[in-house]
Every structure is written in C-alpha cells, then in structure tokens.
1. Taking into account only those residues within the stretch 4-47 that are among the polar types (S, T, N, Q) and over 25 Å from residue 78 (Cα atoms), which is surrounded by the fewest Cβ atoms within 10 Å (Cβ to Cβ)?
2. Here are 145, 127, 136, 111: which of them is more than 30 Å from residue 18 (Cα to Cα), modelled with pLDDT of 85 or more, of a type outside the set (Phe, Trp, Tyr) and part of a helix (DSSP H, G or I)?
3. Restrict the check to the stretch 150-162 and report whether at least one residue is of a type outside the set (A, V, I, L, M, F, W, C), outside any helix (DSSP H, G or I), at pLDDT below 80 and out of contact with any Asp or Glu (no Cβ under 8 Å at 6 or more places or on another chain).
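The values are calculated or read from the model by the stated rules, or taken from the named source; none is laboratory data. Since we're looking at a predicted model, the values are computed, not measured. Here the Cβ is made from the backbone with ideal geometry for all residues, glycine too, and neighbour counts use every protein chain on show.
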Amino acid sequence: MSASDLPDELWARVLELGAASSTLGFRDLCCLAIASRRLGRLSLHPPLWSTLLARDFPSQSQPSSSSSTSTSQQQQQQLHPKSQYKTKFERHKLRMAEARRRAVFEAEARVLACRKRLAELEERASVALNVWQPQVVRGRQKQLVQQCNCTVPVDSRLSDLNMELKVCKQQIATYKNVYNKEKQKLNEYEESLKRAKYHPLQDSNTGTIAKELHVKRKKLK
C-alpha cells in the first residue's frame, strides 16, 4: 500500500497531530498545499487552522469582556480560521517591522551620541595639550632661570614645575581612559546597529542581484 492509498481521514488526522505537536507550521502546510493537490485540500480543514491559531497567537485567541472587542471577535469567528490566521500573521509582521525600525533608530541614536562624545573628548584633549606645547614649556623654563636670583629657592620652583607636569600626565591618562571606554562603546553600538539592520532575506536578495550583475558584466566582456 502506498501513501496515496491512505484515506483522507487518516491524512487529515496526521496533519492535525503535526499541528498540535508543533511539528507542522503554517509554512509547512503551505508547502504541502503546493506540492500536492490532495494535501492542499486537506490543509484547508478549519480544525487544523484553529489549532495553529491557538498555538501561534494564544493571547489574541483569548475572549475579551469589552463589547466592541467581542463584536469584532464574533465577526472574525465567522471567517475561515485560515483567513483569521493570515490577518493576525500580517498584523504580527507589521508589529515586528515597526519594532525593528525602532531598534534601528535607537541604535543609530546611540552611535551618533557616542561619536559626538568622542569628538568632544578630542576637542577637550587638544585644549589641554595646548597648555603644554614646547614653547609654553620653554617659557616656564625661562621664567625659572630668571627667578634664580629671587628669594624663592630653585628647588621649590622645580618642584612646582614637576607637580604641574604630573597633573598634566594625570589629565592625559584620564582623557585616554575615558576615550578608550567611549571608543569601545562605539564599537559595541555599531555592532548592535549592524545586527538591528540585518535582514536575511534582503541581504540574500542583494547578494544574488550583485552576483547576477557580475556574471552579466563578465559575459559582456
């Protein structure tokens, strides 16, 4: 006995068990409907799609107490369960697309803010560096030499200069530490932005089109 000899009731039961056990999804049913006219007819049975509705959209399948919601649910219940599934799936796709757009927008905002912060740190560091340019240092040394004959000891002046140098080095180390941390944040935010923008189907289509164009160019040459 071949599979085609099995009765419709048995095939319908197989499909229902597959949907109830999460073995079959709506994509599988659509593929079966395309592959076999008989399975396509059996895949339209309302109990099958009612099972998928309750499994994939459990929160939306629960009854509500509001009159307006109950009225809309009654109207939906008059539709075929497959039509109800399609409507809810399209709404789910829209919500997912909107959530993806929000995630991309938030990731772009974080990257932009981080780049702005890095630019501010670079500007502040350059201002601090101007204080210790060579000509400024030579000017301080000249003042130190001119003050050798003053009552203030040279060791004291030299100690002050070393203290200023130490403070400057500490500021440079602080700026460098903050800059490196901000740079690391930027790398993480850029990776998050790439993940948020990643779409397997779009990237696959883009890659296929690029390969086709490359092949056409080779043929023209």
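1. We begin by selecting, within the stretch 4-47, every residue among the polar types (S, T, N, Q); these are 4, 21-23, 36, 43.
With over 25 Å from residue 78 (Cα atoms) added as a condition, the list becomes 4, 21-23, 36.
Details: 4: 8, 21: 10, 22: 11, 23: 11, 36: 15.
Here the residue is 4.
2. Numbers: 145 fails: modelled with pLDDT of 85 or more; 127 fails: modelled with pLDDT of 85 or more; 136 fails: modelled with pLDDT of 85 or more.
None of the others qualify; the one that does is 111.
3. Scanning the stretch 150-162, I find at least one residue that is of a type outside the set (A, V, I, L, M, F, W, C), outside any helix (DSSP H, G or I), at pLDDT below 80 and out of contact with any Asp or Glu (no Cβ under 8 Å at 6 or more places or on another chain), so the answer is yes.
For (1) closer than 23 Å to residue 29 by Cβ; (2) surrounded by fewer than 10 Cβ atoms within 10 Å (Cβ to Cβ); (3) of a type outside the set (Asp, Glu); (4) modelled with pLDDT under 90, each residue gets a yes or a no:
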{"site": "60", "(1), (2), (3), (4)": "yes, no, yes, yes"}
{"site": "68", "(1), (2), (3), (4)": "no, yes, yes, yes"}
{"site": "73", "(1), (2), (3), (4)": "no, no, yes, yes"}
{"site": "78", "(1), (2), (3), (4)": "yes, yes, yes, yes"}
{"site": "84", "(1), (2), (3), (4)": "yes, no, yes, no"}
{"site": "88", "(1), (2), (3), (4)": "yes, no, yes, no"}
{"site": "91", "(1), (2), (3), (4)": "yes, no, yes, no"}
{"site": "100", "(1), (2), (3), (4)": "no, no, yes, yes"}
